[in-house]
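What follows is a single structure, written as structure tokens, with notes after it.
None of the figures in this text is laboratory data; all of them are computed from the coordinates on show. Fair warning: this is a prediction, and the values are worked out from it, not measured in the lab. So basically every Cβ, Gly included, is an ideal-geometry build from the backbone, and we count neighbours across all protein chains shown.
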Amino acid sequence: MKYNKLISNAPLVSEIGLGAWQLGINSGWKSLEENEAINLVHKSIELGVNFFDTAPNYGHGTGEQRLGKALKGVDRSNIVINTKFGHTHTGQTNYNANYIRESLEGSLKRLQLDYVDSLIIHNPPYEYLDGNKNDHYEILEKLIDEGKIKAYGASLDTPKEMTLFMNTTRCEVIEAFFNILHQDAADSFDLAKEKKVGIIVKIPLDSGWLSGKYNEASVFNDIRSRWSREDIKTRAKLIDAVKNIIDKNMNLAQAAIAFCLAYDAVSTVIPGNTSIDQLKSNLDSIKNPLPKQLIEQLEKFYQSEVKQLNLPW
């Protein structure tokens, strides 16, 4: 496992972290029993993972609760935890600056911690990103001074959002939507390096499509049911095209994660896992980095075949 800098006042983070959405109950994906969730966290740590990404709304708070239980008794000094503000544990959204402290205190209670390493605003509306026009960032700075958090940031989807946010705040971390089928965030990676902002890559497997498990006949009964039949057919054709670009002997999911890790602005990638076997397979991505020529082919494919489609999340 390679470890990279994410924020200035925390341990280096494992290049593959654990996206903890699936730890919660009825989180929109396959639910885990509590003992399964705790075992998954323990196995992650055993295999070298030290970065965990969670949020109040993951399983209506149960994601944070289970992560907290799993980390009980674990050496906290080498664990890096990111949680979020904006999507509440009751399933609502509340981006009011006056709610930041209450939200964080709720997260700390569920996690059984007295601080988290980073607190990020969870996919906020664009108008909240300008640090010169919002009170959020003064409050976040106070929380740093109080030792409740070490850094703050935001979970964002576009380079426009990322650029405004980095240029008007003292953020240290951005959780960016980035994968083979959604590469626009890379347009802001140079600015992130210049500003010393760590990048967490979210949704590296494009909600499971880049695992290779789905095709145009797939039917979804979870959060992915938002896709139309036309969306599913379009994605299936793109996945077939990606398979034709990569080596036929490559595991598609591992290639997708390795693609994200090829960018030096990226600190960590957080694929979701619902089993220890899946966890191990995702971690195997680090054994087979993609050659530069293949990265360039996938970038060209995105620019020529995918970008104009504006694929829905």
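Given the pairs Lys69/Lys196; Lys84/Lys142; Lys243/Lys307; Lys195/Lys300, which are separated by over 25 angstrom at their Cα positions?
Over 25 Å Cα-Cα: Lys69/Lys196; Lys195/Lys300.
In terms of the ratio Rg/(2.2 N^0.38 Å) built on C-alpha atoms, what value belongs to the chain?
Dividing the Cα Rg of the chain by 2.2 N^0.38 Å gives 0.95.
Starting from the Cα gyration tensor of the range 273-312, take the square roots of the eigenvalues, sort them a ≥ b ≥ c, and report rounded, prolate or oblate (rounded when a/c is under 1.5, otherwise prolate if a/b is larger than b/c, else oblate).
Details: a/c = 6.96, a/b = 1.59, b/c = 4.38.
It comes out oblate by the Cα gyration axes.
Can you tell me the orientation of helix 252-261 relative to the chain, as the angle in degrees between its alpha-carbon axis and the longest Cα principal axis, to the nearest 10?
50 degrees
In degrees, nearest 10, range 0 to 90: what is the angle between the Cα axis of helix 100-111 and the longest Cα principal axis of the chain?
The answer is roughly 80 degrees.
Just the C-alpha atoms of the range 1-69: what Rg/Rh do they give, with Rh taken as the Kirkwood radius?
Across the range 1-69, the Cα-based Rg/Rh ratio is 1.00.
With no solvent and one equal point scatterer placed on each C-alpha of the range 112-233, evaluate the Debye formula and give log10 I(q)/I(0) for q = 0.10, 0.12, 0.16, 0.18 Å⁻¹, two decimals.
Per q value, in the given order, log10 I(q)/I(0) is -0.40, -0.55, -0.83, -0.95.
Out of all DSSP beta bridges with both ends in the chain, state the antiparallel percent to the nearest 5. Before the final figure, lay out the partial values.
Details: 4 of 33 bridges.
Here the antiparallel bridges make up roughly 10 percent for the chain.
Applying 1/(1 + (r/R0)^6) with R0 = 30 Å to the Cβ-Cβ distance of Ser218 and Lys2, what FRET efficiency is obtained, to the nearest 0.05?
Calculated value: 0.35.
Mind pulling the angle between the C-alpha long axis of helix 159-168 and the longest principal axis of the chain? Nearest 10 degrees, somewhere in 0 to 90.
30 degrees
Starting from the Cα coordinates of the range 1-123, work out the convex hull volume and express it per residue in Å³.
So the per-residue hull volume is 103 Å³.
Determine the dipole magnitude for the range 189-313: charges of +1 sit on the beta-carbon of Lys and Arg, -1 on that of Asp and Glu, nothing else is charged, the reference point is the Cα centre, and the result goes in debye to the nearest 20. Present the calculation step by step, with values, prior to reporting the outcome.
On the way: 18 positive and 15 negative charges, 23 e Å.
With Lys and Arg at +1 and Asp and Glu at -1, about 120 debye.
Take the range 152-308, drop everything but the C-alpha atoms, weight them equally and run the Debye formula without solvent; then report log10 I(q)/I(0) at 0.09, 0.14, 0.20, 0.21 Å⁻¹ to two decimals.
Scattering profile of the range 152-308, log10 relative to I(0): -0.29, -0.72, -1.35, -1.43.
Once you place label points 7 Å from the Cα toward the Cβ at Asp145 and Leu47, how far apart are they in nm?
In this crude label model, Asp145 to Leu47 measures out at 4.3 nm.
Arrange the following residues from fewest to most other Cβ atoms within 10 Å of their Cβ: Arg170, Arg66. Could you put the intermediate results ahead of the total?
Working: Arg170 15, Arg66 28.
Starting with the residue having the fewest Cβ neighbours, the order is Arg170, Arg66.
For every helix of n ≥ 4 consecutive DSSP H residues, a contribution of -39,500 (n - 2.57) applies; sum these over the chain, divide by its total residues, and give [θ] at 222 nm rounded to the nearest 500 deg cm²/dmol.
The helix-only estimate for the chain comes to -10500 deg cm²/dmol at 222 nm.
Gain in length, Tyr126 to Arg170, computed as 0.36 nm per residue apart minus the alpha-carbon separation, to one decimal in nm?
On the way: separation 44, 0.36 × 44 = 15.84 nm, distance 1.70 nm.
14.1 nm is the gain from fully extending Tyr126 to Arg170.
In percent, what relative contact order does the chain have, based on Cα pairs under 8 Å that are 6 or more apart in sequence?
Working: 579 pairs, mean separation 55.5, N = 313.
Relative CO of the chain lands at 18 percent.
Most fluctuating residue of Asn249, Asn282, Asn134 in a GNM of the chain with Cα springs under 10 Å: which is it?
Maximum among the listed residues: Asn249.
Mind jotting down the distance between the C-alpha centroids of the range 47-89 and the range 203-228, whole Å?
25 Å
Kindly write out, for the range 179-190 in residue order, the coupling ³J(HN,Hα) from the Karplus curve 6.51 cos²θ - 1.76 cosθ + 1.60 (θ = phi - 60°), rounded to whole Hz, with x marking Gly and Pro.
Going residue by residue, I get 6, 4, 9, 9, 10, 4, 4, 4, 4, 9, 5, 5 Hz, with x marking Gly and Pro.
Let me have the relative contact order for the range 25-76, percent, based on Cα pairs under 8 Å that are six or more residues apart. Walk me through the intermediate numbers first.
Details: 35 pairs, mean separation 22.5, N = 52.
Relative contact order, the range 25-76: 43 percent.
Using a/c under 1.5 as the rounded threshold, could you call the range 69-114 rounded, prolate or oblate? The axes a ≥ b ≥ c are square roots of the C-alpha gyration tensor eigenvalues, and prolate needs a/b larger than b/c, oblate otherwise.
The shape class here is prolate.
How much net charge surrounds Ile276 when only the other residues with a Cβ under 11 Å from the Cβ of Ile276 are counted, with Lys and Arg +1 and Asp and Glu -1? Can you show the working numbers first?
Working: positive: Lys43, Lys280; negative: Glu36, Glu46, Asp277.
Its environment carries a net charge of -1.
If I model the range 63-176 as equal point scatterers sitting on the Cα atoms and use the Debye formula, what is log10 I(q)/I(0) at q = 0.23 Å⁻¹?
The calculated log intensity ratios at q = 0.23 Å⁻¹ are -1.36.
From the Cα gyration tensor of the range 90-150, with a ≥ b ≥ c the square roots of its eigenvalues, which class applies: rounded if a/c is under 1.5, or else prolate if a/b is larger than b/c, or else oblate?
Judged from the Cα gyration tensor, the range 90-150 comes out oblate (a/c at least 1.5, b/c at or above a/b).
How do the peptides 14-24, 159-169, 73-83 rank, highest first, by the average count of neighbouring beta carbon atoms within 10 Å per residue? List each step's numbers first, then the result.
On the way: 14-24: 25.7, 159-169: 19.3, 73-83: 16.9.
Result, highest mean first: 14-24, 159-169, 73-83.
Say we join alpha carbon atoms closer than 10 Å with springs in a Gaussian network model of the chain; which of Glu175, Glu296, Glu34 then has the biggest fluctuation?
Among Glu175, Glu296, Glu34, the largest GNM mean-square fluctuation belongs to Glu296.
Rank the residues Leu47, Leu298 as a footprinting-exposure proxy: fewest other Cβ atoms within 10 Å of their Cβ go first.
Lowest to highest Cβ neighbour count: Leu47, Leu298.
Which of Phe52, Phe220, Phe178 moves most in a GNM of the chain, Cα contacts under 10 Å?
Largest GNM mean-square fluctuation: Phe220.
Which far-off residues, 5 or more places away or on another chain, put their amide H under 5 Å from the one on His87, with H placed in the peptide plane?
Asn94, His122
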